[in-house]
Amino acid sequence: MPLKIENYCDRAIQWAVGRLGSTDYPFKCLSFVEDAYELGNGIVLVGYGAAKAAADGYKAAAHTTAPLKGTFVFYDCWGDIQGEYRNWSHVGLALGDGRVVHAWRQVRIDDYLEVQELSPADGWTRPKYIGGAPVTEILKGMSVRRPGA
C-alpha cells in the first residue's frame with residue numbers, strides 16, 4: 001500500500017531536521033531538500049539542475065500563500081557559482097508552522113519570510129520569496145529506490 005502524502009512529508013522533515021548544523025550542502029540547497037524526500041523515503045524524484053529551474057518547473061510563483069508542510073519553498077537570489085553569475089535561487093523545506101529547514105552555510109531552521117533577511121555570501125543578493133511547490137507536484141513521477149541502487 002503506498003504511503004500517504006503526510007507520511008512522505010513527515011519522513012522528509014525528520015531526515016532534514018536530523019541534519020541541523022551540517023555543512024555538507026554548500027550552494028546545494030536543492031540537493032538538500034531533494035535528499036530529504038529521497039533518502040527519507042527511499043524514493044527517487046524527477047530532479048532539476050538548480051533551484052531556479054525547479055522553482056520554474058514547479059510553478060512556485062503560483063503558490064505564494066504560507067507554505068504547507070512538506071512544500072519546497074523557493075527564493076530568488078543571484079550570485080556566482082564557478083564563474084557563472086545568475087539567479088540560482090534558494091530552496092527550503094516547509095515544516096508546516098511557518099518555518100523552513102534549509103541549507104544556508106549550514107542546515108538551519110528559519111521563518112520562511114525571515115529567510116529574506118539572511119546575510120548572503122559575498123557577491124550574492126539577499127533571497128526574495130517566490131512561492132512554494134506543493135507536495136503533490138514534488139512527488140509526481142517519483143519512483144521507488146531499488147535496493148543497492
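Note down the net charge around residue 22, summing +1 for each Lys or Arg and -1 for each Asp or Glu among other residues with Cβ under 14 Å from its Cβ.
+2
How large is log10 I(q)/I(0) at q = 0.31 Å⁻¹ when the Debye formula is applied to the Cα atoms of the range 6-47, each weighted equally and without solvent?
Computed log10 I(q)/I(0) values: -1.11.
With loop defined by DSSP as not H, G, I, E or B, and exposure as at most 15 other Cβ atoms within 10 Å, which is the longest segment of the chain clear of exposed trypsin sites (Lys or Arg not before Pro)?
Of all site-free stretches, the longest is 60-104.
Rolling a 1.4 angstrom probe over the protein heavy atoms, how many square angstrom per residue are accessible across the chain?
That works out to 53 Å² per residue.
Above 16 angstrom, tally the Cα pairs of the range 71-125 and express them as a % of all pairs, no decimals.
Looking at the range 71-125, the distances longer than 16 Å represent 40 percent of pairs.
Report the local net charge at residue 85: Lys and Arg +1, Asp and Glu -1, summed over other residues whose C-beta lies under 15 Å from its C-beta.
That works out to -2.
So if I restrict to the alpha-carbon atoms in the chain, what is the Rg, and what is Dmax, the biggest pairwise distance, in Å?
Cα-based Rg and Dmax for the chain come out at 14.4, 48 Å.
Let's see if you can work this out: charge +1 on each Lys and Arg Cβ, -1 on each Asp and Glu Cβ, no other charges. What is the dipole magnitude of the chain about its Cα centre, in debye to the nearest 20?
I would put it at about 360 debye.
Taking all protein chains as present, what is the carbon and sulfur share of the accessible area of the chain, in % to the nearest whole number, probe 1.4 Å?
Its accessible area is 52 percent carbon and sulfur atoms.
Specify which residue in the list 116, 13, 87 is farthest towards the positive end of the charge dipole of the chain, using unit charges on the beta carbon of Lys, Arg (+1) and Asp, Glu (-1), about the Cα centre.
Among 116, 13, 87, the one farthest towards the positive end of the dipole of the chain is 13.
Report ³J(HN,Hα) in whole Hz for each residue of the range 18-35, in order, from the Karplus equation J = 6.51 cos²θ - 1.76 cosθ + 1.60 where θ = phi - 60°; Gly and Pro get x.
x, 9, 3, x, 5, 10, 7, 10, x, 6, 10, 5, 5, 4, 4, 6, 5, 4
The values are calculated or read from the model by the stated rules, or taken from the named source; none is laboratory data. This is a predicted model, so every value here is computed, not measured. Heads up, the Cβs are rebuilt from the backbone with ideal geometry, glycines too, and the neighbour counts pull from every protein chain shown. Side chains included, ligands, DNA and RNA excluded: accessible areas come from the protein's heavy atoms. Shrake-Rupley method; radii C 1.70, N 1.55, O 1.52, S 1.80 Å.
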